[in-house]
Amino acid sequence: MNIANLNVVVVGGATGGAATALLLARAGARVTLIEKIAEPRAVGAGIAIAENGMAVLESLGLKPAVSAAACVVAGVRVVDGTGRTLLAPPPPEPTGWMLRRSALQTIFLDALAAEPLVECHFGAEVTGATGAGTVTAATRAGATEFHADLIVGADGVHSRVRSCGRFDAHVSRPGITYVRTLVPESLAQGVEAWTAAGLFGSFAVPDGTYVYASGGSRACTDAIAHSDLEGFRAAWSAAYPASAELLGAVARWDDLIVNRVRRVECGRWSDGRIVLLGDAAHAMPPNLGQGANSAVVDAAVLLDELRRAAGVADALRAYEARRRPAVRRVARAAARLGTLAELTNPIARAMRDRILMPIVARLARGSDIDFVLQEPVATLRAIGRA
Ligand SMILES: Cc1cc2nc3c(=O)[nH]c(=O)nc-3n(C[C@H](O)[C@H](O)[C@H](O)COP(=O)(O)OP(=O)(O)OC[C@H]3O[C@@H](n4cnc5c(N)ncnc54)[C@H](O)[C@@H]3O)c2cc1C
């Protein structure tokens, strides 16, 4: 299909939406991007870009900028609360790029601003969308209607677009909470610890450290409910003394971002001219670091299938058939990993650490985790370049 004839509205200007807008515009489509945040530069803490996400970014010419804004992470080990290794990734070790979310968003926004076929509306909130191709939004100019051949709902886990169509969506809360922050000091331990209070990780980003921790133990839950930084620090240093220095570097409670994990599973990813992408279609637990990476892969596959198909409807069917099983497998693996990492019962933890993990460590092969990347990286690199 000739992409140059397409008029596309992308709802959501974060990772998934920005990648979609750039890929489709570079292929010749006219893209209107609608993002409710007026100044989306200063969002979030840290993010790990994996090889699949980086392949798509490379195809967009963004790899040099992302690499320059990131610290490379390879061979991340899982340790217990004492620092003993529970699991090291089998070779070849996967490579990731850890950076500030605001840095990634800035790179996307600069690329969007330079793209003549993308018209951005920031500070505009989509209020409705129809399968016939109409989007309504509250913009600075008042209620505005847009018409499109294709509407991409990249508006995240609470997707408004999803609520406007028939997607058979099921949103669940596995009951896991994560707390994330950036501290200015270089204190990264470069490991993920599975402890009596859940998991704790710290990784270097340029000029600082990205810190994330579970908020699931009783003491942490209480501290979160009362925005009590001292209580949160105390709960964590009791379970994992190595956390003390990192959480000690947090200045105020408001510097912490609290996320209650949600999982989205949709029976269908498209309805008429609307298609879902990223968290709107498949929010998953963060334990494999694949939520945003999968959103970027969605964008590349959507473009690939639009190119191959005779029309939009065929393309959306092919996109869903290619993406849904691949993403479901990763989401299930991430959920299982999350459940293991969050074990707090001492007997269950002992069985995990003394029996399960040694078996996994002995049997695991690098190829066992190839499915996490979902598409061959060479394919992803080629789609955006074509
Ligand atoms: C603790 C934690 C750590 C994570 N770490 C990683 C990681 O290291 N690597 C990774 O790949 N993933 C990670 N993820 C997952 C990742 O954050 C998400 O999967 C990713 O942000 C999804 O991108 P998206 O573009 O689909 O949605 P979002 O990032 O949620 O973006 C949606 C956008 O749509 C906009 N929007 C929403 N509603 C409207 C509306 N009505 N009108 C207009 N705009 C709207 C929002 O403002 C937002 O900008 C993590 C998640 C958590 C919770």
Lys/Arg +1, Asp/Glu -1 at C-beta; the chain dipole; positive extreme among LEU182, THR136, GLY83: GLY83
Size of electric dipole in region 219-328: Cβ of Lys, Arg +1 and of Asp, Glu -1, about Cα centre, debye, nearest 20: 620 debye
GLU185-ALA234 FRET efficiency (beta carbon distance; Förster radius 25 Å; 0.05 resolution): 0.80
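Below 11 angstrom from the Cβ of GLU185, what's the summed charge of the other residues (Lys, Arg +1; Asp, Glu -1)?
Numbers: positive: none; negative: ASP207, GLU245.
Its environment carries a net charge of -2.
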Suppose R0 equals 25 Å; then what is the FRET efficiency for THR344 and ALA74 from their Cβ-Cβ distance, rounded to the nearest 0.05? 0.25
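Counting heavy atoms of the protein chains only and a 1.4 Å probe, report the per residue accessible area for the chain as a whole number of Å². Mind showing how you got there, number by number?
On the way: 16210 Å² over 386 residues.
Here the per-residue accessible area is 42 Å².
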Could you check the spin-label model distance between ARG140 and MET351? Points 7 Å from the Cα along Cα→Cβ, value in nm. 5.9 nm
Just the accessible area for MET357, please: 1.4 Å probe, Å², rounded to the nearest 10? 10 Å²
For ASP207 paired with ARG317, estimate the spin-label separation in nm (one decimal), with each label point 7 Å from Cα along the Cα-to-Cβ line. 5.2 nm
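Tell me the carbon and sulfur percent of the accessible area for the chain, rounded to whole percent, probe radius 1.4 Å. Each step should come with its number before you reach the end.
Details: 8630 of 16210 Å².
Carbon and sulfur together cover 53 percent of it.
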Return the calculated 222 nm mean residue ellipticity for the chain, to the nearest 500 deg cm²/dmol, obtained by summing -39500 (n - 2.57) across DSSP H runs with n ≥ 4 and dividing by the residue count. -11000 deg cm²/dmol
Where a label projected 7 Å from the Cα of ARG173 along Cα→Cβ would reach, residues of region 319-351 with amide N under 18 Å: 339
Where in region 87-125 is the amide nitrogen less than 17 Å from a point lying 7 Å along the Cα-to-Cβ axis of ALA4? 116-118
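The values are calculated or read from the model by the stated rules, or taken from the named source; none is laboratory data. Everything numeric in this text was worked out from a predicted model, so none of it was measured. Here Cβ is always computed from backbone atoms with ideal geometry, including for glycine, and neighbour counts include all displayed protein chains. Only protein heavy atoms, including side chains, enter the accessible area calculation; ligands, DNA and RNA are left aside. Shrake-Rupley method; radii C 1.70, N 1.55, O 1.52, S 1.80 Å.
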